[in-house]
1. Taking the simple approach of a point 7 Å from Cα along Cα-to-Cβ for both LEU217 and GLU290, what is their distance in nm?
2. Using θ = phi - 60° and the Karplus curve 6.51 cos²θ - 1.76 cosθ + 1.60, what whole-Hz ³J(HN,Hα) does each residue of region 266-271 get, with Gly and Pro shown as x?
3. Give the residue list of trypsin sites (Lys or Arg not before Pro) in region 90-149 that are DSSP loop and have at most 14 other beta-carbon atoms within 10 angstrom.
4. Taking amide H atoms as placed 1.01 Å from N in the peptide plane, list the residues 5 or more away in sequence, or in a different chain, whose amide H sits under 5 Å from that of GLU267.
5. List the residues of region 103-145 whose backbone N lies under 20 Å from a point placed 7 Å from the Cα of GLU78 along the Cα-to-Cβ direction.
6. Give me the dipole magnitude in Debye, nearest 20, for the chain about the Cα centre, with unit charges on the beta carbon: positive for Lys and Arg, negative for Asp and Glu.
7. Distance cut-off 26 Å, Cα to Cα: go down the list LYS50/LYS183; LYS46/LYS297; LYS183/LYS281; LYS46/LYS273; LYS297/LYS318 and report the pairs above it.
8. So for the chain, averaging the separation of alpha carbon pairs under 8 Å that are six or more residues apart and normalising by length, what relative contact order in percent results?
Amino acid sequence: MPADVSHIEQMVSVCRDARTILIATHVNPDGDAIGSSLALAETLEKLGKKVVLYDRDPVPYMFTFLPLADRFTSQVPENETFDLLLLLDCSELSRTGDVLTNFSGYRQLGCIDHHVTNDHFAQVNLIDAEASATAELIYEVVFRLDPDFSREVAVNIYTGIITDTGSFHYANSTPRSFEIAGKMVDRGVDPWMVAQQVYESEPASRLQLLGCVLQTLQIAPDGKAACVVVTREMYEQTGTNAEHTDRLVNYPRSIAGVEVAFLLRQEDEQSFKLSFRSRGKVDVASLAQEFGGGGHKNAAGCYLTGTAEDIIRLVFEKIARLLRDQDAETTPLAAGAVH
Ligand code: 5GP
Ligand code: MN
């Protein structure tokens, strides 16, 4: 359901009324989570609000260039009650991690998000599953709060949009995403500067990790699903960590004929974070939701326990079944078969 102007106006007025605001986003933050939070924080501070920016995990290295990125804290201020706790890019409160989920120092809970699995859990919601990025919705709010917002705010919004659209490769890229990104360029954003920072400033160790990860490639017997695995041992061998796994899942998806790709990232001995990517036929948000996760139709995630081998077998079977069910629905002969 797209957000209408009344939802935007309501969020704007809630922001205007609050004096102290805690902005929080999801664990393992991405460019949209960080960019959206920073753009809104700068705008609210300009209006004289006291803002604290929280994330359980540090800002990934490719986003530390973003204006105000050093303002994030991983400590929730104790003994303080905020007028507003605003969750950005989070489809559920638990996506912020255990500490914030159990925090009660706020009077009102708001959420600005674009995940299809968001069930409007907050008191004030600005949710639009058709927005390519939360940053698109942040633009709507920021523009109304401060029409003269700075180039720094624009860089943050722009980065949120390009990272969540895969630099406008993905199906979520709409005329509105291009339009807002264009407006940000009008306000002084340099696309090549941002692209260099985000995509072309990798440590050599990431390429070594990529080499290890590609060797784990497995393709399902029907050729329609593929996966790769990242183990803690690989991190040790290459001097990398979870931050360096961003976008690695795109490699198995790039194979001709692959409809769904996934990456298993080892968290503990027998526990893995899964990242799903679909070419469009399979709704991976529903698939991830079956495993207790969530996300978007073409990009979603969840956590699973077990051995990598068992998880891969289970997920390959699930995907094969989903694809078979879909083929049966779309093939009239099969649907009407009498024997
Ligand atoms: P990624 O695979 O890049 O971690 O995440 C892809 C998308 O799925 C992102 O929009 C992310 O917010 C969402 N996502 C990833 N993991 C989870 C999860 O465990 N729970 C939920 N609800 N969403 C997730
Ligand atoms: Mn997002």
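None of the figures in this text is laboratory data; all of them are computed from the coordinates on show. Predicted, not measured: the structure shown is a model, and the values here were computed from it. Neighbour counts run over all protein chains shown; Cβ positions are idealised from the backbone, glycine included.
1. So the label points at LEU217 and GLU290 sit 2.6 nm apart.
2. Calculated HN-Hα couplings, in order: 5, 9, 10, 2, 10, 9 Hz.
3. Those that pass, being in a loop and sparsely packed, number zero.
4. Counting only residues 5 or more places away or on other chains, the set is PHE272, LYS273.
5. The answer is 103-107.
6. With only Lys, Arg, Asp and Glu charged at Cβ, the dipole is about 340 debye.
7. Long pairs (Cα-Cα over 26 Å): LYS50/LYS183; LYS46/LYS297; LYS183/LYS281; LYS46/LYS273.
8. 13 percent.
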